[in-house]
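Structure record follows, encoded as structure tokens.
The values are calculated or read from the model by the stated rules, or taken from the named source; none is laboratory data. Please read these numbers as outputs of a predicted model, since none were measured by experiment. SASA here: full protein model, heavy atoms, side chains in, ligands and nucleic acids out. Shrake-Rupley method; radii C 1.70, N 1.55, O 1.52, S 1.80 Å.
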Amino acid sequence: LSAVEASREKDGIRLATLSQLENESIADPVSNQHRQALESLQAAGCTIEAIEFEDIETIVQVKNALRYCELATHWRDGPMPYRRGEIRPNEDHSSLHSRLRTGGEELSDFPRSRMLAGAALIEKPGGRQYGRAHEVRRSITEKLEQQLESFDAIVTPTVPHLAPKLDA
């Protein structure tokens with residue numbers, strides 16, 4: 001929003017928002033803040049257009065399949081060097097990895113189920129599903145880029161729920 005407000009030519013800025021985001025998977029406070037941001041951007045002179053992207057459900061499934069495969073591969077091949085995009089010191093993962101492998105600690109059901117799903121996708125039959133997921137992601141990315149090429153940016157919430165409050 002501040003970038004738009006600082007812009008000299010607000011009237012020419014075209015922004016897209018995904019109409020599929022207005023559903024029950026987005027918490028009301030997040031949806032309200034998103035709507036308020038869109039109204040502020042429009043009041044600042046931007047053109048807002050709600051678009052529908054037909055492959056939105058496939059995007060989520062492909063993203064998850066790729067993440068689970070990569071999680072399983074990193075686990076199989078050794079400690080993971082990153083977590084959610086941030087580089088982590090190898091000793092953190094080496095220590096956890098060896099403790100879990102030697103039975104000193106247990107993984108919770110959530111990451112365990114993701115690793116098992118990823119391992120199944122990689123190994124049956126010969127990892128073709130993993131390769132296919134990359135092909136589908138490329139195809140969807142191309143379609144989305146074509147649909148968005150007339151827009152300057154896409155405006156979406158980054159998370160579906162508000163962060164929990166921390167006790168001071």
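Data overview
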{"item": "With all protein chains modelled, accessible area of Tyr68 [1.4 Å, Å²]", "result": "50"}
{"item": "For Lys63, solvent-accessible area (1.4 Å; no DNA, RNA or ligand), Å²", "result": "90"}
{"item": "Rounded accessible area of Arg76 (nearest 10 Å², 1.4 Å probe)", "result": "130"}
